[in-house]
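Notes follow once the structure below has been shown.
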Amino acid sequence: MSLNEYKGVWVFVEQRNGTIQKVSLELICKAREIADKIGGKVTAVILGAEVEGLANELIHYGADMVKGFENKRLEKYITEPYTKILSSAIIEGKPEIMLIGATTIGRDLAPRVAARVKTGLTADCTILDIDPQTNNLLMTRPAFGGNIMATIICPEHRPQMSSVRPGVMVLHNKDISRTGEVSIIEAEIDEMDVNVEIVEEVVEKKGKIKIEDADVLISGGRGIGAKDGFEALGRLAHRLNGLTSASRAAVDAGWVDKSIQVGQTGKTVRPNLYIAAGISGAIQHVAGMEEAEFIIAINSNPDAPIFDVADLGIVGDANKIIPALLQELA
Ligand code: FAD
């Protein structure tokens, strides 16, 4: 394998029911940054029943080229046809870097594709950068149960493949003046490869916004003291058009659901406002929220590490300050 033959940064674009998933746009923005550093083009690869109409959006976010594969059979994700098409496209197109969102679909697809194209995969990355000396991709992810951050390289094989958690990379504003090349191919699918039949699709309750998408998060920790304490946090979140989130201690105590845990083993969030109430600021928690635009910490201990990352700190009892804030906003 001559590594020099491999050029450009590719992003697998995940669509569900014809809607591009946000993580794919985040990855296109990151791919743009990487391609500008190493030289080369950003190519967005998208599979679906009809994808041509989505191409411009991908270009506006930073892709130079869109490779679309259309077939009625590709409307919904099925492991084998998706794996086969993406692997063949990589073998033919020889990208230097291949990025995939670490969603349930991406986690199924990425390792299979990596194995078929005989390269490595760094799964679940939280930081991507380029080594200025070698131009190798530096892929960083939590390792050993989140106790260390490991930076992994793939110097001898191509593409350098990485799956990336949703919400980690910054989504830049789109530029509708950008133009690019679009190539749409009618994909051939062997019926033998359609080895899964989707019998029923159960969609998560409508209207439920994920904490990763919220502009305002009111987050509670062990210092809230009890499940009941989260009611006031919920009311404040509602008042500010936001959502409630939590530290792992609050989740482990059974006060709230794991789906709203922020941190290294929870979700990575980037809201405009993050209020951390009764949260000490352990490194594993901070890893998931430090990129928030504005952080307010409420903690009874003036030496709590959360104050080191806070833009505004309030020393006091969160169970008194939150109701007082609610009263102020009434
Ligand atoms: P504590 O550390 O117990 O802090 C409670 C805080 O509340 C204290 O600072 C205290 O001063 C303050 N307080 C007490 N009473 C009040 C009051 N009335 N008003 C105001 N403040 C008050 N943690 C996560 O959050 N997310 C993760 O994803 C995560 N992943 C982890 C992965 C690994 C591998 C490991 C080892 C740990 C992980 N943790 C994670 C756990 C993390 O190390 C901390 O234990 C956890 O974040 C602590 O939660 P906390 O801040 O709510 O509780």
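What the table below lists for this structure:
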{"read-out": "Number of positions in segment 15-46 that are of a type in the set (S, T, N, Q) and buried (at least 17 other Cβ atoms within 10 Å of the Cβ)", "value": "4"}
{"read-out": "Residues satisfying the stated conditions in segment 296-324, i.e. within 12 Å of residue 232 (Cβ to Cβ), touching a strand residue (DSSP E or B) at 6+ places or on another chain (Cβ under 9 Å) and among the hydrophobic types (A, V, I, L, M, F, W, C)", "value": "298, 318, 321, 322"}
{"read-out": "Positions within segment 204-238 being modelled with pLDDT under 95 and among the basic types (Lys, Arg), in sequence order", "value": "205, 206, 208, 210"}
{"read-out": "Residue selected from segment 206-218 under the condition assigned to a loop (DSSP other than H, G, I, E, B) and of a type in the set (A, V, I, L, M), by the criterion surrounded by the fewest Cβ atoms within 10 Å (Cβ to Cβ)", "value": "209"}
{"read-out": "Residue among 191, 186, 231 that is without any contact (Cβ under 8 Å) to a residue 24 or more places away in the chain, closer than 30 Å to residue 88 by Cα, out of contact with any Lys or Arg (no Cβ under 6 Å at 6 or more places or on another chain) and acidic (Asp, Glu)", "value": "191"}
{"read-out": "Residue in segment 219-233 that is surrounded by the most Cβ atoms within 10 Å (Cβ to Cβ), counting only those that are within 10 Å of the ligand (Cβ to nearest atom) and at negative phi", "value": "219"}
{"read-out": "Sole exception among (1) touching a residue at least 40 places away in the same chain (Cβ under 8 Å); (2) under 23 Å from residue 127 (Cβ atoms); (3) surrounded by fewer than 19 Cβ atoms within 10 Å (Cβ to Cβ) for residue 289, by number", "value": "(3)"}
{"read-out": "Options 199, 203: the member that is under 26 Å from the mean Cα position of the chain (by Cα), away from the ligand (no atom under 16 Å from the Cβ), surrounded by fewer than 21 Cβ atoms within 10 Å (Cβ to Cβ) and closer than 30 Å to residue 113 by Cα", "value": "203"}
{"read-out": "Some residue of segment 234-253 being outside any strand (DSSP E or B), within 9 Å of the ligand (Cβ to nearest atom), among the charged types (D, E, K, R) and under 28 Å from residue 103 (Cα atoms)", "value": "yes"}
{"read-out": "Residue match in segment 15-33 (condition: touching a helix residue (DSSP H, G or I) at 6+ places or on another chain (Cβ under 8 Å), on the phi > 0 side of the Ramachandran plot and outside any helix (DSSP H, G or I))", "value": "yes"}
{"read-out": "Test: residue in segment 36-57 that is in contact (Cβ under 8 Å) with a residue 60 or more places away in the chain, farther than 16 Å from residue 11 by Cα and part of a strand (DSSP E or B)", "value": "no"}
{"read-out": "Members of segment 89-134 found to be over 17 Å from the mean Cα position of the chain (by Cα) and exposed (fewer than 15 other Cβ atoms within 10 Å of the Cβ), listed by number", "value": "91, 92, 115, 118, 131, 132, 133, 134"}
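Yes/no matrix, rows are residues, columns are (1) surrounded by fewer than 23 Cβ atoms within 10 Å (Cβ to Cβ); (2) at positive phi:
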position: 249; (1), (2): yes, no
position: 256; (1), (2): yes, no
position: 261; (1), (2): no, no
position: 275; (1), (2): no, no
position: 278; (1), (2): no, yes
position: 285; (1), (2): no, no
position: 308; (1), (2): yes, no
position: 311; (1), (2): yes, no
position: 328; (1), (2): yes, no
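The values are calculated or read from the model by the stated rules, or taken from the named source; none is laboratory data. Computed from a predicted structure; not experimentally measured. Backbone-built Cβ (ideal geometry, glycine too); neighbour counts: all protein chains shown.
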